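The values are calculated or read from the model by the stated rules, or taken from the named source; none is laboratory data. From a predicted model like this one, the values you see are computed outputs, not experimental measurements. When we count neighbours, we look across all protein chains shown, and the Cβ atoms used for this are built from the backbone with ideal geometry, even at glycine. Ligands, DNA and RNA are excluded from the accessible area calculation, which covers all protein heavy atoms including side chains. Shrake-Rupley method; radii C 1.70, N 1.55, O 1.52, S 1.80 Å.
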Amino acid sequence: MPYARTISTIVAIALALIMIVLGGLYFTICFGVIVFLAQLEYFRLVKAKGIEPAAKTTLVVSQLLLITATFVPNLTDATFALAGALICFYLLFQPKLATIADISTSILGLFYAGYLPSYWIRLRVSLDQNTAYAQSIPNIHNLPLDGYFPIHPFDISSFPDALKLTFMAMACIWAADIGAYLIGKNFGKTKLSHISPKKTVEGSLSGITGSILVGLVGAWLLQWDAWIITGSFLGLLIGVVSLLGDLMESMMKRDAGVKDSGQLIPGHGGILDRTDSYVFTAPLVYYFVTLLLPLFSHSF
């Protein structure tokens, strides 16, 4: 792995760990910056196709979406609908007649780089604020801005549920990325898709396997009911969907005729190049832990 890529990876993981652990508004603010930068890259890809989306309006309403997910998560879906309508109204009154492509790419920017990522905030911040577990522990928010820092860093059982779940989900993604990169680079021979020529079947299967293994370990540590089933399923879900998210971003870059979405991260490209695996996994993880996991608890 090149030197610049290695350093960038270490720094990115360190910042991600700090953001995940602190939670609260620390997580929301850092995540808001990531979403803002990712949307800028997305709109650069769109404009490379000669399309004129409502970029500034989408950037603003997306941040409003993240704020809503933090403070009133039950209204996030309603905010998404209203934000989409506002974008359409904005394009309606532009001097130049907006095209279908202008409208659709604007709404996709809101959905892909705003609404879907908001589920990470729902998982780490909102879930943290609205569980019986959180209400039973007085020191769960022991920093200003609803932040958290572990008093006993080696006692996982004392961590907030939202912290454990968020870290487990992201660890599955990291395992999938690392497994796919290492095995694909050294042993990959069978091309996976023409959308991303460097991806191989061997690397992809290794990445999914790595995600499943981390899911199993996480489910066992968290003492989930039927942990072999739930851990395997969550790991499989994250491994497959993170791969699809990566391919989705590759398809957009291919259509725009660019190699990377940006040059912000040395050795990696842009923000979208490093966060594409996280976009579609967020809502699936959230609904897995809020809807499916309780079913297993009642069944076993």
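In µm²/s, what is D for the chain at 20 °C and 1.002 mPa s, where D = kT/(6 pi eta Rh) by Stokes-Einstein and Rh is the Kirkwood radius from Cα pairs?
Taking Rh from Cα pairs, D becomes 106 µm²/s.
What percentages, rounded to whole numbers, describe P(r) for the stretch 1-55 computed over all alpha carbon pairs with 10 Å bin width beginning at zero?
Whole-percent P(r) values from 0 Å outward: 21, 31, 31, 17, 0.
Taking the C-alpha atoms of the stretch 187-284, how large are the radius of gyration and the largest Cα-Cα span, Dmax, in Å?
Reported Rg and Dmax, both Å: 15.3, 47.
From zero outward in steps of 5 Å, how is the percent of C-alpha pairs of the stretch 95-254 spread across the bins?
In order of increasing distance, the bins hold 2, 8, 13, 15, 15, 14, 12, 9, 7, 4, 1, 1 percent.
Can you tell me the FRET efficiency between Leu17 and Thr99 if r is taken as the Cβ-Cβ distance and R0 is 35 Å, rounded to the nearest 0.05?
FRET efficiency, Leu17 to Thr99: 0.20.
For the chain, what is the mean residue ellipticity at 222 nm derived from helices alone (per DSSP H run of n ≥ 4: -39500 (n - 2.57); sum divided by total residues; nearest 500 deg cm²/dmol)?
Using -39500 (n - 2.57) per qualifying helix, the result is -22000 deg cm²/dmol.
Mind checking the per residue accessible area of the stretch 162-212 for me, 1.4 Å probe, whole number of Å²?
48 Å²
Given DSSP loops and a limit of at most 15 other Cβ atoms within 10 Å, what is the longest stretch of the chain that contains no such trypsin sites (Lys or Arg not before Pro)?
97-188
With a 10 Å cut-off between alpha carbons and a GNM built on the chain, which of Ser106, Ser158, Ser242 moves the most?
Ser158
Normalised by the number of residues in the chain, what is the relative contact order in percent for Cα pairs under 8 Å and 6+ residues apart?
20 percent
Please report, as a whole percent, how much of the solvent-accessible surface of the chain comes from carbon and sulfur atoms (probe radius 1.4 Å).
Here carbon and sulfur together make up 72 percent of the probe-accessible area.
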